[in-house]
Ligand code: KG4
Ligand code: ZN
């Protein structure tokens, strides 16, 4: 069978990324240009700056990717792009760029949901085997999804309020850690002991999760200790938070493994870069003889390789977009 090469574009947040993915599983070339250092000065992503930087850099990122692959746009079979969810102004840059390439080079256009990208990043390691349980953990999502086939997403549970990544980022701020918060909280937690007593969220048999109570309890704890003139043991608080947050994911995943008797599990989304989480879910998988797959670090955080991987099943089933495609900030996958 002829190889299918998809040129994929991701600009949903603060990474300008373009990749060429072969047959949905092989990354021929990937470029990720992060704006992290620029946004770090402001303590978070500034949407106007993000979209301007995407505009300035996207052509260069395309050129670099084509050079790495030793290919031309003429050589690819389709153009894929993240159209949602994300920052509208950032998404628009990628979508307009993709539409232009599709029109000029007469290539079919594929609209990819960013969360499908995070899930399909796993195909770049090893093709997913269904049915499987996906634990999706990012800045905007914390969900348990049961997948019975390609693009068959059954939402079985998840957070009722904040996403876990959002909670990591808030805790980072309270601990005076720099953006991006998640990785910095993880580093700090490595140096501490679990010695703060935090409320255990959703200690029940449901698949519901919650992170806002945990977040508020940490904000209040820091505030109260400061008022009393007490020092915060930041490393210990980071550790206590991480243990409590990850424990909730493990407990709920365990309930799902037992109820649905799954034998395959994946972790997806930016927070899946967290080594402690990866380790704890691996222990759970071992306990139930479940095969766990996690994307390598580069494919966990935002990148275009995952978008090319998620575009492939759409290509195979002929689900193409037209030039009327528009970016939207909050289109849900499931
Ligand atoms: O998937 P992602 O790159 O963007 C969204 O699609 O939301 O996820 C970003 C989130 C941020 O909240 C970031 O702090 C968190 O993932 N994150 C981490 C780690 N790396 C990224 N959280 C905890 N530990 C990490 N190592
Ligand atoms: Zn993401």
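What follows is calculated from the coordinates using simple rules that are stated; it is not laboratory data. Quick caveat: nothing in here was measured; it's all calculated off a predicted structure. Every residue, glycine among them, receives a Cβ derived from its backbone with ideal geometry; neighbour counts consider all protein chains shown.
On the given criteria, is residue 106 free of Cβ contacts under 8 Å to residues at least 40 places away in the same chain and either out of contact with any strand residue (DSSP E or B) (no Cβ under 9 Å at 6 or more places or on another chain) or within 16 Å of ligand 2 (Cβ to nearest atom) (or both)? Can you show your working first?
Details: free of Cβ contacts under 8 Å to residues at least 40 places away in the same chain: yes; either out of contact with any strand residue (DSSP E or B) (no Cβ under 9 Å at 6 or more places or on another chain) or within 16 Å of ligand 2 (Cβ to nearest atom) (or both): yes.
Taking the combined requirement at face value, the residue satisfies it.
Tell me which helices (runs of 4 or more DSSP H) are completely within the range 242-334 and hold 1 or more residues being within 12 Å of ligand 1 (Cβ to nearest atom) and under 29 Å from residue 105 (Cβ atoms), or say none if there are none. Let's see the steps before the verdict.
Details: elements: 275-287, 297-300, 305-316.
So the answer is 297-300, 305-316.
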- Item | All positions within the range 175-189 that are free of Cβ contacts under 8 Å to residues at least 60 places away in the same chain and surrounded by fewer than 20 Cβ atoms within 10 Å (Cβ to Cβ) | 176, 184, 187
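Residue by residue, here is whether (1) closer than 15 Å to residue 10 by Cβ; (2) touching a residue at least 60 places away in the same chain (Cβ under 8 Å); (3) surrounded by fewer than 24 Cβ atoms within 10 Å (Cβ to Cβ) holds:
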site: 71; (1), (2), (3): no, yes, yes
site: 75; (1), (2), (3): no, yes, yes
site: 86; (1), (2), (3): yes, yes, no
site: 92; (1), (2), (3): yes, yes, yes
site: 96; (1), (2), (3): yes, no, yes
site: 111; (1), (2), (3): yes, yes, yes
site: 118; (1), (2), (3): yes, yes, no
- Members of the range 1-54 that are in contact with a helix residue (DSSP H, G or I) (Cβ under 9 Å, 6 or more places away or on another chain), closer than 17 Å to residue 300 by Cα and assigned to a helix (DSSP H, G or I): none
- Query: Exactly one of (1) out of contact with any strand residue (DSSP E or B) (no Cβ under 9 Å at 6 or more places or on another chain); (2) in a helix (DSSP H, G or I) is unmet by residue 68. Its number?
  - Reply: (1)
